[in-house]
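See structure below.
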Number of protein chains: 4
Amino acid sequence: MPKVSNEHQEARRAQIIEAAIQCFSKKGFHQTSMQDIVLESGLSPGAIYLYFKGKEDIIRAIADKQHSKERDLIAKACSSSDVKIALGQLVKSFFEPLSDSEVFESRRIGVQLWTEALSNPIVYEVVRSGIDEPLRELTKLISEFQEQGSIQAGLAPDAIARVMVALYQGFILQLVWDEQVNVGEYVTAAEAIISTFFQA
Amino acid sequence: MPKVSNEHQEARRAQIIEAAIQCFSKKGFHQTSMQDIVLESGLSPGAIYLYFKGKEDIIRAIADKQHSKERDLIAKACSSSDVKIALGQLVKSFFEPLSDSEVFESRRIGVQLWTEALSNPIVYEVVRSGIDEPLRELTKLISEFQEQGSIQAGLAPDAIARVMVALYQGFILQLVWDEQVNVGEYVTAAEAIISTFFQA
Amino acid sequence: MPKVSNEHQEARRAQIIEAAIQCFSKKGFHQTSMQDIVLESGLSPGAIYLYFKGKEDIIRAIADKQHSKERDLIAKACSSSDVKIALGQLVKSFFEPLSDSEVFESRRIGVQLWTEALSNPIVYEVVRSGIDEPLRELTKLISEFQEQGSIQAGLAPDAIARVMVALYQGFILQLVWDEQVNVGEYVTAAEAIISTFFQA
Amino acid sequence: MPKVSNEHQEARRAQIIEAAIQCFSKKGFHQTSMQDIVLESGLSPGAIYLYFKGKEDIIRAIADKQHSKERDLIAKACSSSDVKIALGQLVKSFFEPLSDSEVFESRRIGVQLWTEALSNPIVYEVVRSGIDEPLRELTKLISEFQEQGSIQAGLAPDAIARVMVALYQGFILQLVWDEQVNVGEYVTAAEAIISTFFQA
DNA sequence: TATGAATGAGGGTTCATTCAT
DNA sequence: AATGAATGAACCCTCATTCAT
C-alpha cells in the first residue's frame, strides 16, 4: 500500500546509498555515524529509517550493489563461447575500471567490505558469493584450457583461478592505499605474466 | 625504583596485546569494546591504561608488532647476495607461514589493519611502510633479474613487484574468508606462474 | 524547518540551566555529575547534549546569564545623568536583591564562579568582565565626585571603587555561608559608612 | 608505636601539604588529582595515605593550617587592652600580608576554601569558625567604640564588623583575579574610609 | 510520507584508594 | 615505613534508533 511510486522509493534509496558511500568511503563504516549520512543525504534520520532497517541494512545494500555490478561483469564476459575470448574479456572487464578514478569510492568501500565480512555474517555472505562466483567461472575456463594443454597439467585449476583473483584484489589494496600507483604498468605486467603462463 | 621488573612490564603489555588480538580478530577493532579486552585479559580497566594510552594505542602496538615481524622476514631473506636465492627466500618466508594455522588471528588482524589504514593515519603509516619495504626490496631484485635478461624488458620492475605482493596479500584475503582453502596448491600454482615468467 | 519553535528551544535550555543551577548550587560544579543534572531536569543525557556542548558549556551559559543580569543592573543605574543619583541607584540595585531569598541559588553559584575563574579561563573571562565593568563605572562616578570635592583628594578613585565592590562581594560571601545574616543591618551600616565618607 | 619520630611525621605531613598547596593553588581542589600531588611531593601514593586519610583529609588539613594562622593574627592583635590600638593592630595584621606576594598560593587556596565550604561540611566548619572568630572580636571592639561614642549609635556593631571583614575578603577576591592590583592604594582607601567613619 | 527532538544503553577513560611486597 | 601496580566505580559523552507530530 505504498502511496508513492516505486521509482520514488528507489530514488530515495539510491540517494541514501550514495550519501552513505561518500561517508563510508572517507571514514569507514564504524566511524561514520547515522548523523553523518543524514547530513550528507540532506534527509532526516526518520526518513532514512523509512527506507532502511538500520545502518547495517545500508551496508548490506551497498554490498549487494557492488556484488551485482560484479555479477554483471562476469555474465557479460562469459557470454562468449570461445574460452580464450571469455577469459580475455573477464580479465579486461575487471582490470579496465581500475584506471577509472570515478570508482575511487567504490574501491575503498569494496576493501572495507572485505574486512567487514570477517565479523559481519550478512556482509560475509555477500562477499563470499562475490568471490565464489568469479572463482567458479575462472576455474571452469582454466580447466578447459588445461584440457587443451595450454596450461601445465598438475596444477589445480582452482588454485590458478585464485591466483588470478589475487592479482585483482591484491592490486586493489595497493590502489586504495595510494591512488598514484601506475595502473597501466601493473595491468601490463599482470597480463604478461598470465599470458606467458598460459602459453608455456 | 620500579617494584616489578621490566620483564614483568613487557609481560603485561604482551598479555593485553594478546587479549586484544583475540578480541579484534573475532569482532574487529570497532566492534571490540575496552570491556571486551578487559574481560579477555583478566585485568581491570585501569590496568590496561597503565600500559597503553588507549584503544588506539593498542591497535598501533599490534600494527607495529606485525610490521616488525615482516621486517625480520625481509631482512633474513635478503641476507643472501645471490639474487635468485634471495628472491626464492623472500617468497618462501612469506608463503610458508600461510600454512601455519597458528597465525590464524595474525592474518585476520592484518587484513583489518589494511582497511583501518584507510581512515586511521597512524595505522596508515605502519601499513604503508609494511608494504613499501617489501616492494622496494622486490623491485631491486627484479631489476637485477631484468638486467640479466631473465625477465622481459619493457615491463616495469616495480609493477612486477606489485604483482608479487598482490599474489601474497590477495591470497591472504581468500584465506581469512575461508581457512579451508588449500594453501599448498595455491603456493604451487603461484610459484609455477612466477618461475615460468622468470624463465621465459 | 524546525519542528518546534524557538521558544521551545529556549525553554529547554532554560529547563536544563535551571536544573544545573539547583545541582551546582547544592554540590558545586565538580561534585555535580551530568547524571545529577539529568535527574534534576527530567531529561535524558542525550537531550542535554542537544542543547549544550558539555558540562563546561552549561557552566559558561550560567556564568553568562549572571553576567548579563549584572550588566542590566549597571546600565539601568547609570541611566541618570546626576552623579549622586547614579551612584545611589548603583548601590541600591546591587544591594537590594540581597534581601531577596529567591536568588539564594544565584548567589551560591556566583561565589562558585568566582573560584572557578581561578582555574577555568572561560569562566575567568566572564567573571573578569563582570567585575571590570562595575569598577569602571564606579571609578568614573567617584572621579567626578572627587572633582566636586566631595571626597578627599589623594585617594585613588579606582581604589575607592574597589572598596565599594568589596563591600558587595565580601558580604555575599558572608551571606552564602549563613543565610540568617541580617541583610538590612549590613546594608544600613555599609551605606552609613559610604555616605559618611562621601560627605567628609 | 611509631618507629619514626614525631618530627619526621610532621615533616612528611608538611611536605605533602606543601605539594598539595602548590597543586590546589594552580588547578583547584577537584581538578587536582592525587597523582598530581604524588608527583609534586616526590612521594608515592601509598606514602600519602600513611599520613592522610585521603584527599579530603588533605584539604581539611590545609583549611586548618590557614585557620590557625588567622587565629594567631587575631590573638596577637587583641593582646593590647587599648581598644583603638587593638583595632588598628587587627586591621594591620590582616591587610599587611596582602602586599606580600609570598602568600600568593595561600590566598588562592583561601578563596577556594570559601567556595568549598558551600558543599563540604568539614571545610564549612573550619571556614565558619575562621570568620566567626574575627567577627566576634571585631564586634566586641566596635561595641566598645560605640559606647565611647566614637561611632554612630543605631548601627549594629555586628554589621559594622561584617563591613570590615567584607573589605578584607572582598579585596582578596579582587587580588586573586588580578595580582597586579595596587594593594597599597586599596589599603589606604579602605583605612581612610574606616577612620573617617570612626571619627565621625 | 516526513520530521527531528528525544531516548538511554553503552562507549572510552580517569582516578581515589588499596594492598602485596 | 614505603612502594606502585592494580582496582573498579563512576565519570562525561555519543549515537543508533524511535515516535509524537
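Okay, helix-only estimate at 222 nm for the protein assembly as shown: each DSSP H run of n ≥ 4 adds -39500 (n - 2.57), divide by all residues, round to 500 deg cm²/dmol; what do you get? Intermediate results must be reported in sequence, preceding the final value.
Numbers: 36 runs with 608 residues, N = 800.
It comes out at -25500 deg cm²/dmol, rounded to the nearest 500.
Between D:Arg71 and A:Ser33, what's the calculated FRET efficiency when r is the beta-carbon distance and R0 is 60 Å? Round to 0.05. Can you show the working numbers first?
On the way: r = 59 Å, r/R0 = 0.98.
Efficiency for this residue pair is about 0.55.
Taking a label point 7 Å out from Cα toward Cβ, give me the nm distances from A:Glu102 to the same spot in the other copies, shortest first, one decimal.
For A:Glu102, the inter-copy label distances come out at 5.0, 6.9, 8.2 nm.
Taking a point 7 Å out from Cα toward Cβ as the label site, list the nm distances between A:Arg128 and the same residue in every other copy, smallest first.
Here the equivalent label points are 3.6, 6.5, 7.2 nm apart from this one.
Given the pairs C:Lys69/D:Lys55; D:Lys27/D:Lys53; A:Lys27/C:Lys55; A:Lys53/B:Lys26, which are separated by over 30 angstrom at their Cα positions? Before the final figure, lay out each step's value.
Working: C:Lys69/D:Lys55 36 Å; D:Lys27/D:Lys53 21 Å; A:Lys27/C:Lys55 28 Å; A:Lys53/B:Lys26 25 Å.
Too far apart for the 30 Å limit: C:Lys69/D:Lys55.
If you project the alpha carbons of the range A:29-110 onto their three principal axes, what span does each projection cover, largest first, in Å?
So the three principal-axis extents are 52, 24, 20 Å.
Select from chain D the helices, each a whole stretch of DSSP H, whose alpha-carbon atoms run 15 Å or more along the helix axis and whose Kyte-Doolittle mean is at least 0.5; answer none if there are none. Provide the component values of the computation, followed by the final result.
Numbers: long enough: D:6-27 (31 Å, -0.88); D:55-77 (34 Å, -0.90); D:83-95 (18 Å, 1.18); D:104-116 (18 Å, -0.54); D:121-148 (40 Å, -0.28); D:157-177 (30 Å, 1.14); D:183-199 (24 Å, 0.82).
Helices passing the filter in chain D: D:83-95, D:157-177, D:183-199.
Compute the relative contact order of chain B as a whole-number percentage, counting only Cα pairs closer than 8 Å that sit 6 or more residues apart in sequence.
18 percent
Distance from the Cα centre of the range B:71-107 to that of the range C:88-120, in angstrom?
Comparing the Cα centres of the range B:71-107 and the range C:88-120, I get a distance of 74 Å.
Can you give the relative contact order of the range C:86-200 as a percent, counting alpha carbon pairs under 8 Å and 6+ residues apart? All intermediate terms of the calculation are to be shown ahead of the outcome.
Values: 60 pairs, mean separation 34.1, N = 115.
So the answer I get is 30 percent.
Just want the ordering: B:Phe104, C:Phe198, D:Phe171, from fewest to most Cβ atoms lying within 10 Å of their own Cβ. Show your work: numbers first, answer last.
Details: B:Phe104 13, C:Phe198 18, D:Phe171 24.
Taking fewest neighbouring Cβ atoms as first place, the list is B:Phe104, C:Phe198, D:Phe171.
Using only Cα positions of the range B:1-53, each an equal point scatterer, no hydration layer, compute I(q)/I(0) via Debye at q = 0.14, 0.18, 0.32 Å⁻¹ and quote the log10 values to two decimals.
Calculated log10 I(q)/I(0) at the listed q: -0.36, -0.55, -1.29.
Roughly how many debye, to the nearest 20, is the charge dipole of the range B:59-195 about its Cα centre, given +1 on each Lys and Arg Cβ, -1 on each Asp and Glu Cβ, and no other charges?
Values: 13 positive and 20 negative charges, 47 e Å.
Around 220 debye, computed over the range B:59-195.
If you line up the Cα atoms of the range D:55-200 on their principal axes, what length do they span on each, largest first, in Å?
50, 32, 26
Nearest the rotation axis from B to D, which residue of chain B has its beta carbon, and at what whole-angstrom distance?
Result for the B and D rotation: B:Gly46, 4.
What does the copy distance list look like for A:Gln152, label position 7 Å along Cα→Cβ, in nm and ordered from shortest?
The answer, with the shortest distance listed first, is 1.8, 11.0, 11.4 nm.
Report, to one decimal in Å, the Kirkwood hydrodynamic radius for the protein assembly as shown based on all distinct Cα pairs.
Working: mean 1/r = 0.0299 Å⁻¹.
After inverting the pairwise mean of 1/r, the radius is 33.5 Å.
Each label point is 7 Å from the Cα along the Cα-to-Cβ direction; what then is the distance between the points at A:His8 and D:Ser129, in nm?
7.8 nm
Read-outs: derived from the displayed coordinates by stated rules, not from any lab. Every value quoted in this text rests on a predicted model; they were computed, and no experiment measured them. Note: ideal-geometry Cβ built from the backbone for every residue, glycine included; neighbour counts use all protein chains shown.
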